[in-house]
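Working notes for the structure below.
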Amino acid sequence: MNTYLVINKHMGFLIKAVFLSILASCLALSLVVRSEEKPVHIGLLLDNLKFERWQRDSNLLQARAKEVDAKITVKDAEGSDDLQLQQANELLDAGVNVLIVVPHDADKAAAIVQAAQKKGVPVVSYDRLIRNSPASLYISFDNVQVGKLQVSMVLAAAPEGNYFLLEGAPSDNNAHQFEKGQKLGLQQAESAGRVTIAGESWCRQWSRAEGYEATAAALKKADGKIAAVVAANDEIAGGAIQALSERKLAGSVPVSGQDADLAAVVRVIRGTQTMTVYKPLGPLAKRAVDAAVALARGNKPTTSETLTNGSYSVPAILLQPIAVDQKNLGGTVISDGFHSAEEIKKVLAPGEWDKFIARKR
Ligand code: GAL
């Protein structure tokens, strides 16, 4: 066998061996770097934990953080802007790498973004938009679509008459988007003279009590002649239905909602609430945490669009909401496990579930 070939063969092995050892050391190095990469510390600032959906968001966000080895510290502002800003500063002083914020007040929360910016900490505006400040990402649902879905199902049940619009907190940017979608969806029926917006009220704390008071007052003013209540979420819808039931109108006057709260699912089954808007929170929380970790590491999360929040254009991810009534409750909220059939049966009276299932056949 000639010498040249022998040398060549050994050179080949040598080159291969050198290449493989370089590859191995790179791999080892990256493992070391990765293992030594400090886990990202997320600061989660919630407006409140008194409503069912925020409890669920908080659990889902914490669960995802755990899955991706991120540390997460949760703060509940109990509906107070001052407390939320104080909590933000505490987290920033504690060295968080990124903030996920559910603002109580869309404008006042800009101070949180400014404080974070001073520390070079990115902010994710979660579900609700923070206005007039350079947040790094806004992630939510298409909230104008939420309003459109609410009126489309109510119009199907009450195509004409006096409508009462029951809105959420004016401090919440979402509440204005829901209202915008509702009014867009009512335009045609209004201009055709079929529907009249007989009244509109805003619930500063999104509370059931406010929903009840406002609807009772609207019913009194209209002498009970209200054809439908377009309620922006399930909590205030519950108050509206209480006011309607006092006039034996619950079940005959259509009412919308949002959030697929357990109590609302029961009302939909009973027929006192016409629909709710289901927003799958799992994907929202997962994408928010993944984006927060990417931002904390100096990377740009993939976004679907950009929108302006007044003075800044903010990268955004908007997920699609789902309209739910008796017909598709099983194939959405229940099949997703958002609420299990067992959980619902527990709060229904004996026989109500079977009657519901039989009705659907
Ligand atoms: C909105 C949110 C709704 C509803 C409401 C009251 O911002 O999008 O899902 O829960 O707040 O908390």
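Grab the Cα-Cα distance for K16 and K118, subtract it from 0.36 nm times how many residues apart they are, and report the gain in nm with one decimal. Please list the in-between numbers first.
Working: separation 102, 0.36 × 102 = 36.72 nm, distance 5.04 nm.
Going from the current span to full extension adds 31.7 nm.
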### Query
What is the chain's relative contact order, in percent, from Cα pairs under 8 angstrom and six or more apart in sequence?
16 percent
### Query
Taking only Cα atoms, what is the 0 to 90° angle, nearest 10, from helix 143-157's long axis to the longest principal axis of the chain?
40 degrees
### Task
Please work out the C-alpha center-to-center distance from region 72-112 to region 266-329 and express it in whole Å.
20 Å
### Task
Over 21 Å, how big is the tail of the calculated P(r) for region 206-320, in percent of all Cα pairs?
51 percent
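May I ask for the equivalent-ellipsoid semi-axes of region 156-251, computed as the square root of five times each C-alpha gyration tensor eigenvalue and listed largest first in whole Å?
On the way: eigenvalues 73, 65, 20 Å².
Semi-axes (√(5λ), whole Å): 19, 18, 10.
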### Query
Can you give the angle from 0 to 90° between the axis of helix 52-67 and the longest principal axis of the chain, with both taken from C-alpha atoms, to the nearest 10?
10 degrees
### Options S80, L219, A158, ranked by Cα towards positive dipole end of region 76-228, top entry (Cβ charges)
A158
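Provide the packing ranking of 301-312, 14-25, i.e. peptides ordered by the mean count of other C-beta atoms within 10 Å per residue, highest first. Please report the intermediate quantities before stating the final value.
On the way: 301-312: 13.5, 14-25: 10.0.
By packing density, highest mean first, the sequence is 301-312, 14-25.
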### Message
Nearest 500 deg cm²/dmol is fine: what mean residue ellipticity at 222 nm does the chain get from its DSSP H runs of n ≥ 4 alone, each adding -39,500 (n - 2.57), divided by its residue count?
### Response
-15500 deg cm²/dmol
### Summary
Share of Cα-Cα pairs in the chain beyond 30 Å, whole percent, is 46 percent
### Summary
Rounded to the nearest 5, the percent of DSSP beta bridges in the chain running antiparallel is 20 percent
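Are there any trypsin sites (Lys or Arg not before Pro) in region 206-258 that are in a DSSP loop and have at most 11 other Cβ atoms within 10 Å? List them by number. Walk me through the numbers before you get to the answer.
Values: sites: R208, K220, K221, K225, R247, K248; in loops: K225, R247, K248.
In loop regions of region 206-258 (DSSP not H, G, I, E or B), the sparsely surrounded trypsin sites (Lys or Arg not before Pro) are K225, K248.
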### region 87-134: trypsin sites (Lys or Arg not before Pro) in DSSP loop, at most 16 other beta carbons within 10 Å
K108, K119
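What's the ranking of 328-336, 280-288 by average number of surrounding C-beta atoms within 10 Å, highest first?
On the way: 328-336: 16.2, 280-288: 19.4.
Going from most to least packed, we get 280-288, 328-336.
Just so you know, all these numbers are worked out from the coordinates, no wet-lab data involved. Predicted, not measured: the structure shown is a model, and the values here were computed from it. Every residue, glycine as well, gets a Cβ built from its backbone with ideal geometry; the counts of neighbours run over all protein chains shown.
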